[in-house]
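Derivation of every value follows stated rules applied to the coordinates shown; laboratory data play no part. As the structure is a prediction and not an experimental result, all values here were calculated from the model. Neighbour counts run over all protein chains shown; Cβ positions are idealised from the backbone, glycine included.
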Amino acid sequence: MTYDPNNIFAKILAGNLPCHRVYEDEHNLAFMDVMPQADGHTLVIPKRGSRNILDADPEVIGSLMAVVQKIARASQKAFAADGVMIQQFNEAAAGQTVFHLHIHVLPRMTGVPLRPHTGKMADQTVLARHAEMIRSVL
Ligand code: DGP
C-alpha cells in the first residue's frame, strides 16, 4: 500500500479544497470533519504524506498526537463535553475511507449517541461556528 498524493486531505493541505480550520502549525493541521458524528468533530492530520499509522514515521505520529491532545482539551472546554473520543482507522478493512493519516477528535456528552455516518455534509455555517468555538479556547 502506497501513499496517493491525490487524496482529498492532500488537496485540503495544498489549499485546493476548502476546510474549516481549527489549528495549524509547521507539521500539522486540524479542521472540522464535514460529516460530523458529534458536534465539534475535528480531524487532525500531519502535513507529511502518510497513508495511515502503519507507514507513518514515528516522529510524525509524535508531533501529531501532541496536537490531538491540544484539540481534545480545547474541544472539551469549548463544548463543555463530559468526555472526548479519539478514533483512528488503518486501511479499508478497519474503516479507513480517506488514505491520508488522520485522527478523529469527538467531544462526547453522557447519554448522547454518535450520529450515524449518512454520507451527508453538515451545514457549513454550523461547521464554521463550531470551528470558531474551538479556536477561541486554544
Ligand atoms: P475515516 O477515513 O473513516 O477515518 O474517515 C474520514 C472522515 O473524513 C469522515 O469522517 C468524513 C471526513 N471527510 C471526508 N471527506 C472530507 C472533506 O472533503 N472534508 C472534510 N473536512 N472532511 C471530510
Inset, instruction - Take the residues in region 44-72 that are polar (S, T, N, Q) and in a helix (DSSP H, G or I), then tell me which one is farthest from the chain's Cα centre (by Cα). - result: SER63
Inset, instruction - Would you check which residues across region 17-50 are farther than 17 Å from MET85 by Cα and more than 11 Å from the ligand (Cβ to nearest atom) and list them? - result: TYR23, GLU24, ASP25, GLU26, HIS27, ASN28, PRO46, LYS47, ARG48, GLY49, SER50
Inset, instruction - Restricting attention to region 59-84, report how many residues are in contact with a helix residue (DSSP H, G or I) (Cβ under 9 Å, 6 or more places away or on another chain) and either buried (at least 19 other Cβ atoms within 10 Å of the Cβ) or not basic (Lys, Arg) (or both). - result: 9
Legend entry - Residue satisfying all of: in region 101-138; among the basic types (Lys, Arg) and touching a residue at least 60 places away in the same chain (Cβ under 8 Å); nearest to PHE31 (Cα to Cα) among these: ARG135
Legend entry - Close pairs (9 angstrom Cβ cut-off, 6 or more residues apart or separate chains): closer than 25 Å to GLY62 by Cα and part of a strand (DSSP E or B) in region 22-43, among the polar types (S, T, N, Q) and more than 7 Å from the ligand (Cβ to nearest atom) anywhere: VAL22/THR42; VAL22/SER75; TYR23/THR42; ASN28/SER63; ALA30/THR42; PHE31/THR42; MET32/THR42; THR42/SER75
Legend entry - Flag for VAL84 being part of a helix (DSSP H, G or I), more than 14 Å from the ligand (Cβ to nearest atom) and either among the hydroxyl-bearing types (Ser, Thr, Tyr) or in contact with a Ser or Thr (Cβ under 9 Å, 6 or more places away or on another chain) (or both): no
